[in-house]
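Engineer: Structure below; questions to follow.
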Amino acid sequence: MILDYIVWNADPILIHLGPLQIRWYGLMFAIGFWIGTNLVAKMFRHEGAPEKWVGILLVWVVGATIIGARLGHVFFYEWDYYSQHPEKIIAFWEGGLASHGGTIAIVIAVFLYSWITTKKSPMWTFDRLVIAIALVGAMIRIGNLMNSEIYGHATTLPWGFMFVRSREWHEFYEGVACHPTQIYEALAYLALFAVLMWMYWKKNLEERPGLIFGVFFTWLFTARFLIEFVKNPQVEFERDMALNMGQLLSVPFILAGIVMIIVAMIRPRQHLEFPNRFADEPQSSQKSKVKSQK
């Protein structure tokens, strides 16, 4: 039997520990960063980078994600409110994070990390980091689903969700199913993660600096741009916009991704060696290996 809709009544709180709570959103965020850190460590080890670079990068990225996503929401979506209540800007735990702000902050953080720590081109870090970020993005959208937030317009499709724990759903859509746009985005990001992993591990396309990063920007923000057509506005001023704020902010990233892909394909391909050991790992612990060229 095909359901006409799905009643979504998930509790956003996984565990109550007295006054403390473990929420699904925070858990998904943490799991994503844990897996992502291990993936980046595997790539850094594969290419013979120092192990300490991984931990330093994690600090930069976590800080940039939280600060940038919060400031992105403040300035892009609700500056009228926060300009009158500046003490609320730091209250990120109350909700209000914007992925475009997080992206901008991560870009800045990687430039600083490259300048201070790796002494390499920022593109070297971007081409490896974004593989993990694609997975983290999918995990965060699953967290949004568990929070019954950031969903879409009404739909008659059989996979429509009734978000019965959402105050906005009761106010605007009660009795009607809506697009589970969190799932749409999560699937798009998981597919991107699979493609980027294939590009790195099977096709050695990290040897074309900027190509993996360019594919990441183009795919992720094109998916975001398209899904926004069926997503509810995040703030009131978006209701009368032909393209909402999320779409307008996505366009520069899409264009930047296309440019990076073109430039990466025009430039000669590099030929890298892959010692499969951290630079600061004892030689005796692992025989040097060279990854076969594809």
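The values are calculated or read from the model by the stated rules, or taken from the named source; none is laboratory data. What you see is a predicted model, and the numbers here were worked out from it, not measured in a lab. FYI the Cβ positions are ideal-geometry reconstructions off the backbone, even for glycines, and counts take in every protein chain you see. To get the accessible areas, we keep the full protein, side chains included, count just its heavy atoms, and leave off ligands, DNA and RNA. Shrake-Rupley method; radii C 1.70, N 1.55, O 1.52, S 1.80 Å.
Engineer: If you take the residues in the range 157-185 that are of a type in the set (D, E, K, R) and over 15 Å from the mean Cα position of the chain (by Cα), which one is most open to solvent (accessible area, probe 1.4 Å)?
Structural biologist: Only one residue fits best here, namely ARG167.
Engineer: Report those helices (runs of 4 or more DSSP H) wholly inside the range 1-91 carrying at least 1 residues which are polar (S, T, N, Q).
Structural biologist: In the range 1-91, the matching helices (runs of 4 or more DSSP H) lie at 24-46, 52-76.
Engineer: Under 8 Å between Cβ atoms, at least 6 apart or on separate chains: pull out the pairs that start in the range 214-232 with a residue that is open to solvent by less than 30 Å² (accessible area, probe 1.4 Å) and end on any residue that is charged (D, E, K, R).
Structural biologist: Close Cβ pairs satisfying both conditions: ALA223/GLU185; ARG224/GLU185; ILE227/GLU185; ASN232/GLU168.
Engineer: Here is a follow-up. Between ALA154, ALA188, which is open to solvent by 30 Å² or more (accessible area, probe 1.4 Å), of a type in the set (Gly, Ala, Ser) and over 24 Å from ARG45 (Cβ atoms)?
Structural biologist: From the options ALA154, ALA188, the qualifying one is ALA154.
Engineer: Let me ask something additional. Only one of these is without any contact (Cβ under 8 Å) to a residue 24 or more places away in the chain, within 15 Å of the chain's Cα centre (by Cα) and open to solvent by less than 60 Å² (accessible area, probe 1.4 Å): ALA30, ALA69, ALA64. Name it.
Structural biologist: Result: ALA30 is the single residue among ALA30, ALA69, ALA64 that is without any contact (Cβ under 8 Å) to a residue 24 or more places away in the chain, within 15 Å of the chain's Cα centre (by Cα) and open to solvent by less than 60 Å² (accessible area, probe 1.4 Å).
Engineer: In this structure, is VAL215 β-branched (Val, Ile, Thr) and at pLDDT 90 or above?
Structural biologist: Taking the combined requirement at face value, the residue satisfies it.
Engineer: Is one or more of the residues making up the range 36-45 open to solvent by 50 Å² or more (accessible area, probe 1.4 Å), of a type in the set (S, T, N, Q) and either at pLDDT below 95 or within 15 Å of the chain's Cα centre (by Cα) (or both)?
Structural biologist: Taking every residue of the range 36-45 in turn, none turns out to be open to solvent by 50 Å² or more (accessible area, probe 1.4 Å), of a type in the set (S, T, N, Q) and either at pLDDT below 95 or within 15 Å of the chain's Cα centre (by Cα) (or both).
Engineer: With GLN234, GLN247 as the choices, which residue is part of a helix (DSSP H, G or I) and either at pLDDT 85 or above or out of contact with any helix residue (DSSP H, G or I) (no Cβ under 6 Å at 6 or more places or on another chain) (or both)?
Structural biologist: GLN247
Engineer: Also, I was wondering about something else. Within the range 269-280, is there a residue that is closer than 30 Å to THR222 by Cα, at pLDDT 80 or above and either loosely packed, with under 11 Cβ neighbours inside 10 Å or not polar (S, T, N, Q) (or both)?
Structural biologist: The answer is yes, given that some residue of the range 269-280 is closer than 30 Å to THR222 by Cα, at pLDDT 80 or above and either loosely packed, with under 11 Cβ neighbours inside 10 Å or not polar (S, T, N, Q) (or both).
Engineer: Inside the range 161-185, can you point out the residues that are of a type outside the set (Asp, Glu), out of contact with any helix residue (DSSP H, G or I) (no Cβ under 9 Å at 6 or more places or on another chain) and on the phi < 0 side of the Ramachandran plot?
Structural biologist: Selection gives ARG165, SER166, ARG167, TRP169, HIS170, PHE172, TYR173, ALA177.
Engineer: Would you say ALA49 is crowded, with 21+ Cβ neighbours inside 10 Å and within 15 Å of the chain's Cα centre (by Cα)?
Structural biologist: No.
Engineer: Output the residues belonging to the range 191-212 that are more than 13 Å from GLU47 (Cβ to Cβ) and without any contact (Cβ under 8 Å) to a residue 40 or more places away in the chain.
Structural biologist: Matches in the range 191-212: ALA191, ALA194, VAL195, TRP198, MET199, LEU205.
Engineer: Filtering the range 95-112 down to residues that are assigned to a helix (DSSP H, G or I) and aliphatic (A, V, I, L, M), which residue is most open to solvent (accessible area, probe 1.4 Å)?
Structural biologist: Looking at residues that are assigned to a helix (DSSP H, G or I) and aliphatic (A, V, I, L, M), I get ILE108.
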